[in-house]
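J.: Could you have a look at this structure, given as structure tokens, before my questions?
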Amino acid sequence: NVVLANTTHKTYDANNGDGVEFANSRGALVFNNFFDTGDDCVNFAAGTGAEATQQKPQEDAWIFNNFFRKGHGMVVAGSHTGAWIQDILAEDNVSDGTDAGLRMKSTNFMGGGARNVTFRDSAIRNTLKQAFIFTLDYNDPNAKLDYRKSTLAGQFRDVRVSDVSVENAGLAAIEVKGDSQHSAFHQGLAFERVRFRGPAGVKIDGLKDSRFDTVRFSEAGDANPWQVSGSQGLAFHEVEPAPPAQ
């Protein structure tokens, strides 16, 4: 039951200068804040590796009516995902110039993940990297790996993104990176009524049982914006342009 409201976070270009991080906590409210940070703006963590199964999850957070400028991500889950990050609602937020919008990061040996996350009714502009990223390929060269690795990969599942506009994403509009070669998939992602403007496209590998409904790209250029591999059970409805036949 922590409330962070009406604050200004100016840590841009400070190494590891996160705005705020919640770890294994419950009931956080983050609203009416300004973030201009040297790392993730609002970050959630839930323990590392095999031992994290004995910890409480990170759960029940509401992030709304914030403005994000610089930062590695607006709303971020991970990379410490071992006890699960769950039941997160982020809505009515605006960003201009963050590295990423919704950022979810873990590894093949972290365990847990994030689930039941909603990101909606928001505007994202000028991300330097991805508007949305879900990856198992996160690496921090400064991290101290002094924990027993999990035999399970992290996973991001049951994440809904709806009614969001994105302008000028840098590297990718959406990037999903599981590990299909080792049967590690993200699952249950849903993108609904999301509009992308600019040349950045979608890169998906290691995703299953997910859907894209009323997702539209404008100013995407001549190339098809969709690159999909190593995935299964993906449904596309009223997507423009449509992905190539698989």
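The values are calculated or read from the model by the stated rules, or taken from the named source; none is laboratory data. The structure presented is a predicted model; accordingly, all values stated were derived computationally and were not measured. With ideal geometry, Cβ positions are generated from the backbone for all residues, glycine too; neighbour counts draw on all protein chains shown. Each accessible area value is taken on the protein alone, full model and side chains, heavy atoms only, with ligands, DNA and RNA left out. Shrake-Rupley method; radii C 1.70, N 1.55, O 1.52, S 1.80 Å.
J.: Within segment 94-111, does at least one residue satisfy the condition of being more than 18 Å from the chain's Cα centre (by Cα), in contact (Cβ under 8 Å) with a residue 12 or more places away in the chain and either over 27 Å from LEU171 (Cβ atoms) or open to solvent by 40 Å² or more (accessible area, probe 1.4 Å) (or both)?
T.: So far as segment 94-111 goes, yes, one or more of its residues are more than 18 Å from the chain's Cα centre (by Cα), in contact (Cβ under 8 Å) with a residue 12 or more places away in the chain and either over 27 Å from LEU171 (Cβ atoms) or open to solvent by 40 Å² or more (accessible area, probe 1.4 Å) (or both).
J.: Another question, if that's okay. So ALA169 fits all but one of (1) in a strand (DSSP E or B); (2) within 24 Å of SER106 (Cβ to Cβ); (3) touching a Gly at 6+ places or on another chain (Cβ under 9 Å); what number is the exception?
T.: (1)
J.: Also, I was wondering about something else. Quick one: which residue in GLY78, GLY112 is out of contact with any strand residue (DSSP E or B) (no Cβ under 7 Å at 6 or more places or on another chain), over 18 Å from VAL166 (Cβ atoms) and small (Gly, Ala, Ser)?
T.: On the way: GLY78 fails: out of contact with any strand residue (DSSP E or B) (no Cβ under 7 Å at 6 or more places or on another chain).
Every option except GLY112 fails the conditions.
J.: Moving on. So which of ALA190, ALA200, ALA223 is part of a loop (DSSP other than H, G, I, E, B) and either open to solvent by 20 Å² or more (accessible area, probe 1.4 Å) or closer than 22 Å to ALA114 by Cβ (or both)? Before the answer, list the steps.
T.: Numbers: ALA190 fails: part of a loop (DSSP other than H, G, I, E, B); ALA200 fails: either open to solvent by 20 Å² or more (accessible area, probe 1.4 Å) or closer than 22 Å to ALA114 by Cβ (or both).
So the residue among ALA190, ALA200, ALA223 that is part of a loop (DSSP other than H, G, I, E, B) and either open to solvent by 20 Å² or more (accessible area, probe 1.4 Å) or closer than 22 Å to ALA114 by Cβ (or both) is ALA223.
J.: Could you give every pair whose Cβ atoms fall below 6 Å, whose first residue belongs to segment 1-23 and is more than 24 Å from ASP87 (Cβ to Cβ), and whose second residue is part of a loop (DSSP other than H, G, I, E, B) and among the charged types (D, E, K, R), counting only separations of at least 6 or pairs across chains?
T.: Filtered contacts from segment 1-23: TYR12/LYS70; ASN16/ASP39; GLY17/ASP39.
J.: I'm told ALA52 meets every condition in (1) under 20 Å from GLY154 (Cβ atoms); (2) in contact with a Phe, Trp or Tyr (Cβ under 7 Å, 6 or more places away or on another chain); (3) aliphatic (A, V, I, L, M) except one. Can you identify the failing condition by its number?
T.: (2)
A quick yes/no check of all residues on (1) surrounded by fewer than 16 Cβ atoms within 10 Å (Cβ to Cβ); (2) β-branched (Val, Ile, Thr); (3) under 24 Å from ARG148 (Cα atoms); (4) in contact with a Ser or Thr (Cβ under 8 Å, 6 or more places away or on another chain):
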| position | (1), (2), (3), (4) |
| --- | --- |
| ALA45 | no, no, yes, yes |
| GLN54 | yes, no, yes, no |
| ARG69 | no, no, no, yes |
| HIS72 | no, no, no, yes |
| TRP84 | no, no, yes, no |
| ILE88 | no, yes, no, yes |
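J.: Applying the selection to segment 123-145, what residues are open to solvent by 10 Å² or more (accessible area, probe 1.4 Å), modelled with pLDDT of 95 or more and either touching a Gly at 6+ places or on another chain (Cβ under 9 Å) or assigned to a loop (DSSP other than H, G, I, E, B) (or both)?
T.: Once the filter is applied, which keeps residues that are open to solvent by 10 Å² or more (accessible area, probe 1.4 Å), modelled with pLDDT of 95 or more and either touching a Gly at 6+ places or on another chain (Cβ under 9 Å) or assigned to a loop (DSSP other than H, G, I, E, B) (or both), segment 123-145 yields ARG125, ASN126, LEU128, LYS129, GLN130, ILE133, THR135, LEU136.
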